Structure formats: structure tokens, C-alpha cells
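Below is one structure, written out as C-alpha cells, with a few remarks after it.
The values are calculated or read from the model by the stated rules, or taken from the named source; none is laboratory data. All values derive from a computational prediction rather than experimental measurement. Ideal geometry is used to build each Cβ from the backbone, glycine not excepted, and the neighbour counts take in all protein chains shown. Ligands, DNA and RNA are excluded from the accessible area calculation, which covers all protein heavy atoms including side chains. Shrake-Rupley method; radii C 1.70, N 1.55, O 1.52, S 1.80 Å.
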Amino acid sequence: MVQERILPQFSSTQVKLSRKEGLTLYEDMVLGRYFEDKCAEMYYRGKMFGFVHLYNGQEAVSSGVIKAMRADDYVCSTYRDHVHALSAGVPAREVMAELFGKATGCSKGRGGSMHLFSAEHNLLGGFAFVAEGIPVATGAAFQSKYRREVLGDASADQVTACFFGDGASNNGQFFECLNMATLWKLPILFVVENNKWAIGMAHDRATSDIEIYRKGPAFGMPGVEVDGMDVLAVWATAQDAIARARAGEGPTLIEALTYRFRGHSLADPDELRSKDEKDHWFAQDPIKRFQTYLIEQNLANQDELKAIDQKIQMRVEEAVKFAEESPDPDPSELYRYVFVDESKS
Amino acid sequence: MAEVLLFNALRDAIDEEMAHDATVLVMGEDVGQYGGSYKVTKGLYEKYGNLRVLDTPIAENSFTGMAVGAAMTGLKPIIEGMNMGFLLLAFNQIANNAGMLPYTSGGNFTMPMVIRGPGGVGRQLGAEHSQRLEAYFQAVPGLKIVACSTPYNAKGLLKSAIRDPNPVLFFEHVLLYNLKEHIPDEDYCLPLNRAEVVHPGKDVTLLTYSRMRHHVLQALKTLTQEGFNPEVIDLISLKPLDFETIGASIRKTHRVIIVEECMRTGGIGAELIASINERFFDELDAPVVRLSSQDIPTPYNGMLESLTIVQPQQIVTAVKEMMALQV
């Protein structure tokens with residue numbers, strides 16, 4: 001049997017969840033799951049190319065954090081960014097079209113899977129190199145503080161959620177930004193999605209202290225460990241951190257213990273992870289767990305959840321159709337967006 | 001017209017732009033309380049406060065990345081590289097993020113930021129503090145690269161760089177900060193994409209930038225005394241290069257010598273020669289010559305250091321040799 005970290009206990013009685021909130025979380029997780037499954041299908045059918053990193057298994061983290069935020073808050077992601085984009089409100093059709101390289105994609109076909117952006121939804125990216133998004137997110141959080149304190153904009157209380165993996169937590173930018181975020185009390189959540197593996201490098205082979213959340217207090221911020229397969233636990237943890245950040249009380253480091261159900265990318269043979277380990281985590285499927293919870297709590301019944309599943313399936317199908325029917329970018333616009341001047345002309 | 005030192009001209013540019021636009025801020029090592037290692041931001045901390053003149057920890061990649069995030073969300077950061085060489089530690093943030101992100105984001109985000117500071121070979125500062133990063137960065141799409149060389153152009157160019165909606169790498173030279181010049185009292189900006197004809201002539205076009213402009217001007221004195229009449233052009237904009245001004249000069253002189261402080265291999269001159277051959281080959285009466293730094297880490301020893309970079313006498317010799325060619 002695999003030795004796993006003991007997931008922190010979370011009592012759902014701590015949370016007051018309305019039916020509407022519950023269904024929002026459920027729908028968002030299902031969207032993430034179906035969208036990624038469809039991506040795998042489209043990749044193998046030769047509709048999308050390059051490196052495609054799927055999020056299956058980690059849905060509770062994206063939905064739990066982002067759905068606890070406001071629409072005008074900022075989200076910063078990694079190369080495994082499709083589902084963060086969806087949770088942030090980027091329409092599935094625009095994400096799918098981007099993966100197809102189409103002009104209607106959220107990055108106009110210039111970015112691809114690892115470079116999803118949406119200014120409209122305050123999605124800062126889509127950062128393909130490990131840890132490089134952390135300083136950018138820190139800059140967005142600095143901007144909120146600057147706007148409030150220097151420009152005197154009292155409404156500038158936006159919070160930034162910065163997502164990255166266990167691999168990034170051994171990179172200097174992680175430590176440098178934890179330091180600066182506390183130093184300037186920035187409104188930011190550092191959300192580590194610890195899925196145990198940085199491609200083929202097991203977390204415990206890469207780090208001196210596997211409990212990443214404990215690195216928070218070393219930099220003067222709370223570090224919280226959360227069951228990343230329990231959307232309710234993530235949602236409640238995020239709410240606390242967001243409230244602190246919005247109140248000007250500074251950053252929080254959240255370590256969500258989670259697992260990716262697929263390989264690192266669709267090109268990964270996934271040979272190092274044991275069947276035992278995978279089975280252990282498959283049994284924690286966050287969507288199934290939340291289904292059970294919603295039904296037990298009488299927040300929804302089986303038929304209602306099925307109806308949501310079907311609605312989302314149709315939305316994903318529609319996204320594929322939209323992507324397929326969308327035009328490629330105009331070849332005469334190859335240089336567009338390199339400089340602001342050119343994009344205007 | 002007040003007489004102003006170059007570092008003060010830069011400070012005035014930043015001060016004026018900060019006064020006129022509250023989203024402009026300065027970030028970097030010792031830019032605040034200390035006033036900047038070359039005093040370019042002296043007094044601004046007192047005037048604008050600790051958030052607008054932000055003293056950062058010594059974490060180049062992270063504070064540069066922070067500036068990227070701030071620029072994407074509507075601020076206009078000016079990053080000071082205490083020494084431009086330190087920004088090698090931020091190469092990823094400058095290249096992948098500042099340079100490329102506006103494009104990869106399909107125009108979702110713009111990057112109004114300036115990355116400035118002292119570069120070039122100083123006086124026995126050793127290899128790491130004697131870098132010419134312009135050559136390393138010229139291949140990065142999405143960056144504008146500017147090198148100032150006088151108090152007048154330093155101020156006008158920096159103001160334009162701050163106002164530009166694109167990321168601008170702005171090179172100052174460690175040995176030019178104390179240059180003095182009378183500059184206009186009124187507000188002025190200079191275009192970022194125009195070379196400056198420093199001395200009109202007809203014999204040969206001398207293309208140069210940054211501190212080498214002054215070496216060329218020293219050589220010009222000797223050459224003028226000896227009856228030569230070269231045209232001296234300060235490139236100012238290293239990317240994009242101003243081929244309109246360069247081309248007009250070549251059509252007149254038909255000869256080109258490049259004088260640069262970056263290393264020979266893969267330098268600004270290398271790109272210039274390739275582009276001049278592509279665009280103006282038929283105008284040339286002689287192969288383009290480049291005088292560059294040696295392809296070595298800048299040595300500490302003063303004599304070896306002076307052998308590493310181009311000296312005025314070499315420029316004189318190169319002009320004479322080119323003019324002696326029978327064409």
C-alpha cells in the first residue's frame with residue numbers, strides 16, 4: 001500500500017452552503033472534467049497539437065478557490081490552465097477555439113494550451129514555464145494595493161489567486177514572492193496544487209520538507225493544508241484567505257493535496273506512478289464525493305445532477321463545433337499584437 | 001536652457017512623468033531611500049512615497065515579474081537594473097513575459113513598462129558588471145531597445161519610453177552619467193525610433209551608439225583636421241533600427257563603419273551588416289566594416305580592458321583605410 005499524507009479532516013458542518021452555491025460548484029467541476037476529457041479526444045483525433053496538460057482530478061481546487069472569488073478578482077495559472085480559465089468565466093468555446101488555434105480563441109490562436117489569457121475575465125495567463133506566473137500574480141496584487149493606497153481608489157480591493165504546482169514550490173520565484181507578498185501585505189492567495197508529481201519527479205524526492213504549507217509561516221503568512229479532493233474544504237479555506245486579503249491583512253499560502261488522474265501531459269507515458277497510488281486517489285474523485293454530499297444534504301437529487309451533466313456535455317460539444325467552424329487567424333495579421341502600434345493599424 | 005548632468009536629466013524625466021501620470025512608478029534595488037546607485041532616482045522617494053518608488057529585495061527575476069503583472073493590470077512601472085547585467089537574472093521575465101506576452105495573449109494585455117539602468121564597460125568593474133545586454137536581447141520579439149548618449153537625448157527618450165505602451169529596454173552607460181549639457185527647460189520628448197545625425201558628412205557613414213558615440217566624436221576631430229568628412233550617426237534605437245536615416249546616409253557616402261561596444265559575435269553590428277547588405281548592397285562601394293569589443297569577458301586589468309573595447313585611434317585608422325580603398 002502506498003504511504004500517503006493523511007488528508008486534513010474537514011467537517012462540512014463548518015460550512016453553510018446554499019443550494020445555488022452547491023450547484024455552481026458542481027457545475028464548474030463537471031465542466032472542467034468534461035472539457036478535459038474532450039480535449040484528450042480531440043488531441044488524439046489530431047484537432048489540437050503541442051503540449052496539452054489536463055486537469056482531471058484536481059477540479060475541486062480550481063472550482064473551490066475561483067468560485068469563492070469575485071468576477072473582478074484576478075486569476076493566474078500555469079501550463080495546466082484550461083480549467084482555471086473555465087472557472088474564471090472564460091467561455092468554453094473560446095478556450096476550445098484557442099486549443100484548435102483559431103482566430104476566435106481567447107488568445108486569438110497565438111497562445112495555445114499553455115498561454116490562455118482573458119483580460120475581460122482577469123485571467124493573467126497561462127504561464128508555460130514553471131513558477132514564472134508567481135511574480136506576475138504578485139504584481140497584480142501589488143497593483144490592487146497601489147490603486148487603493150496611491151490612487152485613492154477605495155473600490156480597489158481585488159484579490160489575486162495564484163495557482164502553481166508542487167514542482168514550482170522548489171523554485172526561487174516562489175520563495176522570493178512569498179517574501180515580498182508578506183513584506184508589502186499583498187492581497188494574494190498562493191495556491192499550491194500538490195499533485196505529488198512534477199512530471200516524473202516525485203515531490204518527496206525534490207523537496208526538503210514535503211509539507212509545503214509549512215513554508216508559509218516561515219515567511220510570516222498563514223499556511224493552510226487542505227484536502228484538495230474536497231471542494232467544500234477548498235471553498236471554505238479560500239473564503240477565509242480571500243476575506244483576509246481583501247481586508248488588507250495580507251497573503252495566505254494554501255496547499256491543496258490533490259492528484260492528477262492523467263499523465264503530466266498527453267505525451268507522458270506515465271510509467272512511474274503505481275497502480276496502487278492511482279487507485280487510492282481515484283477513490284477520492286472530487287466530483288463523485290461532492291455528488292454524494294449534495295444528495296445527502298438534500299441540496300440536489302440525482303436527476304438534477306444528471307441534468308447538469310447533460311447540459312455541460314452539450315456545452316462542451318457546442319464548444320467543439322464552434323472551434324471547428326471558426327476561421328484560422330488571418331495570415332495577413334501574422335505580426336499583429338507584437339507591438340501595440342501595429343495592432344492598431 | 002539649464003546645464004544638466006545626464007543622471008539628473010534622467011531623474012527629471014522620471015520626475016516629470018510621475019508628476020503627470022500617477023500610474024507611473026519606479027521599482028528596483030536601492031531606488032528609494034538610497035536614491036539609486038547612480039542617483040537617478042534621488043529625492044523621488046521623499047516626493048512620491050514608498051509605493052511609487054519601491055525599494056525591492058534583491059530578487060531580479062521576481063521584481064521584474066512583478067512589474068510585468070503590474071503593467072498587465074494598468075500600472076506603468078519603470079524597473080531600474082542597479083546594473084543592467086543583473087537583469088540577466090530576469091531574462092525570462094523580460095523575454096518571455098514582457099516581450100512575448102502581449103503577442104501570445106492575442107492582444108489581451110499590453111506591457112507599458114520601461115526597463116532601464118547602467119550598462120556598458122566602465123572602469124575596471126570586472127566582467128559581470130561590464131555587460132552589453134542589448135546584443136543579448138535584440139532577438140527577443142516585442143521589445144523596443146533604446147540607448148541614450150547625451151543629457152538631451154537621455155531626457156527626451158526616457159520620457160517617450162515611459163509614455164510608450166510597449167516594453168522598452170532603455171540602456172544608459174555607466175561612464176556617461178556625469179556628461180553635462182544645456183537642455184531645454186520646457187517639456188520635450190524625442191522619438192524612440194529615430195537615429196540622430198550627430199555630424200553630417202559625405203565620406204563615410206559611422207554608425208554608433210551609447211558611449212562609442214563619444215569615441216567616434218573624438219576620432220572625428222582628428223579626421224576633420226586631416227581633411228576627412230565622415231557622417232556620424234547615433235543609432236539611438238537599437239530595435240527597431242532606423243533604416244530610413246541609415247539608408248539616406250549610405251546613399252550619400254556609400255561606405256559604412258560600425259563602432260559598437262558590444263561583442264563582435266552576434267552583436268548589434270552583426271545585425272546591422274546583414275540588414276544593410278539586404279537593403280542597400282547596391283549602394284555600397286566597400287564591404288561594411290565593424291569595430292566591436294573583443295569576444296572575451298571584460299578583463300579587470302585596465303590595460304587589458306582598454307584593449308577589449310574600441311579606442312578612438314582605431315576608428316581613425318579604419319576610416320583612413322576605407323577611404324584609401326580604390327573604388
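Under 22 Å between alpha carbons: how many lysine pairs meet that in region B:196-324, if sequence neighbours fewer than 8 apart on the same chain are excluded?
Summing the qualifying lysine pairs gives 6.
Using the Kirkwood radius over C-alpha pairs as Rh, can you work out the diffusion coefficient of region B:2-137 via Stokes-Einstein at 25 °C, viscosity 0.890 mPa s, in µm² per second?
Answer, rounded: 160 µm²/s.
Can you list the lysines whose alpha carbon is less than 21 Å from that of A:LYS321, not counting same-chain residues fewer than 8 positions off?
The reachable lysines, counting only those whose Cα sits under 21 Å from A:LYS321, are A:LYS38, A:LYS47, A:LYS102, A:LYS108, A:LYS311.
Ranking request for peptides B:21-27, B:47-53: highest mean number of other beta-carbon atoms within 10 Å first, then the rest in descending order.
Descending mean neighbour count gives B:21-27, B:47-53.
Give me the inter-chain shielding for A:140-153: mean count of other chain Cβ atoms within 10 Å, whole number please.
Averaged over the peptide's residues, the number is 5.
Could you sort the peptides A:318-330, A:225-237 by per-residue average Cβ neighbour count (10 Å cutoff), highest mean leading?
Top to bottom by mean Cβ count within 10 Å: A:225-237, A:318-330.
Of the listed peptides B:282-288, B:12-18, B:255-261, B:131-137, what is their order by residue-averaged count of other C-beta atoms within 10 Å, with the highest listed first?
Top of the packing list down: B:255-261, B:131-137, B:12-18, B:282-288.
So what's the gap between the Cα centers of region B:55-78 and region B:271-327, to the nearest angstrom?
A separation of 38 Å, based on Cα centres.
Can you tell me, using C-alpha contacts under 8 Å and at least 6 residues apart, the relative contact order of chain A as a whole percent?
Contact order relative to length: 23 percent.
Going by a ≥ b ≥ c, the root eigenvalues of the Cα gyration tensor, does region A:27-344 fall in the rounded group (a/c under 1.5), the prolate group (a/b larger than b/c) or the oblate group?
Note, shape of region A:27-344 comes out rounded.
Principal axis lengths of chain B from Cα atoms, whole Å, largest first?
Largest first, chain B extends 62, 43, 41 Å along its Cα principal axes.
Size of the protein assembly as shown along its principal axes in angstrom, Cα-based, largest extent first?
97, 54, 45
Given a Förster radius of 41 Å and the C-beta distance between A:GLU41 and A:GLU211 as r, what FRET efficiency does 1/(1 + (r/R0)^6) yield to the nearest 0.05?
Taking R0 as 41 Å, the efficiency between A:GLU41 and A:GLU211 is 0.65.
Partner chain Cβ atoms within 10 Å, averaged over the residues of B:167-179 - can you pull that number for me?
Counting Cβ atoms of other protein chains within 10 Å of each residue's Cβ and averaging gives 0.
Using only Cα atoms, figure out Rg for region A:120-160 and give it as a multiple of 2.2 N^0.38 Å.
Its radius of gyration relative to the 2.2 N^0.38 Å reference: 1.30.
Using the Cβ atoms and a cut-off under 9 Å, what net charge is assigned to the surroundings of B:ILE250, where Lys and Arg are +1 and Asp and Glu are -1?
Residues close to B:ILE250 contribute a combined charge of +3.
If you count only protein heavy atoms with a 1.4 Å probe, what accessible area per residue comes out for the protein assembly as shown, rounded to a whole Å²?
Per-residue value: 38 Å².
Could you work out how far apart the two model spin labels at A:VAL340 and A:ASN298 are, taking each label as a point 7 Å from the Cα in the direction of the beta carbon, and quote it in nm?
5.8 nm
Using a 10 Å cut-off around each Cβ of peptide A:104-117, what is the average number of partner chain Cβ atoms that fall inside?
Counting other chains' Cβ atoms within 10 Å and averaging over A:104-117 gives 4.
What's log10 of I(q)/I(0) for region A:152-265 at q = 0.13, 0.14, 0.17, 0.19 Å⁻¹, Debye sum over Cα points only, no solvent?
The Debye formula, applied to the Cα set alone, gives -0.48, -0.56, -0.80, -0.97.
Taking a ≥ b ≥ c as the square roots of the eigenvalues of the Cα gyration tensor of region B:196-324, is the shape rounded (a/c under 1.5), prolate (a/b larger than b/c) or oblate?
oblate
Does region A:180-221 come out rounded, prolate or oblate, given a ≥ b ≥ c as the square roots of the eigenvalues of its C-alpha gyration tensor, rounded meaning a/c under 1.5 and, failing that, prolate meaning a/b above b/c?
Prolate, because a/c is 1.5 or more and a/b exceeds b/c.
For A:LYS145, give me every one of the lysines with a C-alpha distance below 28 angstrom, ignoring sequence neighbours fewer than eight places off in its own chain.
A:LYS67, A:LYS185, A:LYS215, B:LYS39, B:LYS42, B:LYS47, B:LYS76, B:LYS159
Given a 1.4 Å probe and no ligands, DNA or RNA in the count, how much accessible surface is buried by B and A, both sides, to the nearest 100 Å²?
3400 Å²
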